[in-house]
1. Looking only at region 285-307, filter to residues that are within 21 Å of the chain's Cα centre (by Cα), outside any helix (DSSP H, G or I) and not aliphatic (A, V, I, L, M); which one of those is nearest to Gly234 (Cα to Cα)?
2. Applying the selection to region 95-136, what residues are open to solvent by 30 Å² or more (accessible area, probe 1.4 Å) and part of a loop (DSSP other than H, G, I, E, B)?
3. Checking the conditions here, which among Ala39, Ala19 is at pLDDT below 95 and part of a helix (DSSP H, G or I)?
4. Go through region 146-209 and tell me which strands (runs of 3 or more DSSP E), entirely inside it, have 1 or more residues that are farther than 30 Å from Pro86 by Cα, modelled with pLDDT of 95 or more and touching a helix residue (DSSP H, G or I) at 6+ places or on another chain (Cβ under 9 Å).
5. Collect the residues in region 49-69 that are open to solvent by 30 Å² or more (accessible area, probe 1.4 Å) and farther than 16 Å from Tyr261 by Cα, keeping them in residue-number order.
6. Can you spot a residue in region 206-214 that is among the acidic types (Asp, Glu) and within 30 Å of Leu333 (Cα to Cα)?
7. Out of all the residues in region 274-306, which are of a type in the set (Gly, Ala, Ser), open to solvent by 40 Å² or more (accessible area, probe 1.4 Å) and without any contact (Cβ under 8 Å) to a residue 60 or more places away in the chain?
Amino acid sequence: MVETAPPPTPPASGRGELADRLARAITLAGPIPIAQFMAAANAHYYATRDPLGAGGDFVTAPEISQMFGELIGLWCADLWDRAGRPDVAWVELGPGRGTLAADALRAMATVGLTPSVHFVETSAVLRAAQAERVPDATWHEDVTTLPGDRAPIIIANEFFDALPIRQLLRWSDGWHERLVACQDVLFLPIPGKPVPDEIIPPSLREAPPGSIIETSPASIATFRALARRIVGQGGALLAIDYGYDGPALGETLQAVRGHGYANPFDAPGEQDLTAHVDFATLAAAAQIEGASVFGTVSQRDLLGALGIDARATALAATAPERADAILADRNRLVGEEAMGHLFRALGVAAPTWPIPAGFA
């Protein structure tokens, strides 16, 4: 479904409503896969609140500093220019409050790029916030309705980490899908039915009992659809998130609430559930569709190549009273102990398009 304006914001549901519904469903029909639990929890969570900022649960890079959005905008403009200045669309997946887009569009306009704007967003609460910052955007429920008549430049900042994952658990008798059970009001993970060894990467099949593999079919399907569109229409994609090059053993499912970590099985729908992104698997998914893949590189290296130091110096020169704050924001975005090393960037482009900046 495509919408040119966000729908009205619905009233927030009562606290604990989703937990009650999930508990009843599990009691009646049995344990559910972690992917189903995560999908339901995050759908409710994002539909009923703005989770960003000091009063929310977490802060993303665009909310830390305008430098992030501006540099991503100039990344897009440089790529567009070297591709021959075709007709393009700015597409953002999970655009938060619209801050990244607003900063990027302002930067792009300085070099003559004024693309149409398309947001893939299901939350009415966040759509309303986005409309305040980017009123001319078009909203989409999913990637299937994005425009097919121009090259998309797609930005996915902290999007894929929130898509549902499956967890496969090595038990004493083999591999099982991990499920969520419920005892009274307590949700807890348990091993479910066995799964065939054929779906386990050969190098990991003999892992010791207790080992966990995570996979995200929803992420792979979305990434393949976007890569297929890029190959057919031209364009590029930039995905920035925390993650690793898998497949690998280990559990990364986590919950964030009030800027701190929480038990991911507590209070479904009242806290943000995420998992680290398997960039290697996403890259392989794009390559299957014929797209060119670049990276990953660290967020520090990407923003460094795009000129964050020069931009921080320029901002400090125009507002010397904020110089210390600007430096602190820069360090938070690229510092080794902050976001600079944990967050990584993966680039995807049509085979006929140039190598994106920061990946050469």
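The values are calculated or read from the model by the stated rules, or taken from the named source; none is laboratory data. Quick caveat, the model's predicted, so the values are computed rather than measured. As a convention, Cβ positions derive from the backbone with ideal geometry for all residues, glycine included, and neighbour counts pool all protein chains shown. Protein only, heavy atoms only, side chains kept; ligands, DNA and RNA dropped before computing areas. Shrake-Rupley method; radii C 1.70, N 1.55, O 1.52, S 1.80 Å.
1. Ser292
2. Passing the criteria: Arg97, Thr110, Val111, Gly112, Thr114, Thr122, Pro135, Asp136.
3. The match here is Ala19.
4. 166-171, 174-183, 186-194
5. Those that are open to solvent by 30 Å² or more (accessible area, probe 1.4 Å) and farther than 16 Å from Tyr261 by Cα: Arg49, Asp50, Glu63, Gln66.
6. Yes, that holds for at least one residue.
7. Matches in region 274-306: Ala284, Gly304, Ala305.
Listed here are the residues, each with its yes/no results for (1) over 23 Å from the mean Cα position of the chain (by Cα); (2) farther than 20 Å from Trp75 by Cβ; (3) of a type in the set (Phe, Trp, Tyr).
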| position | (1), (2), (3) |
| --- | --- |
| Gly112 | yes, no, no |
| Pro115 | no, no, no |
| Gln130 | no, yes, no |
| Thr144 | no, yes, no |
| Ile154 | no, no, no |
| Trp171 | yes, yes, yes |
| Ile190 | yes, yes, no |
| Ile212 | no, yes, no |
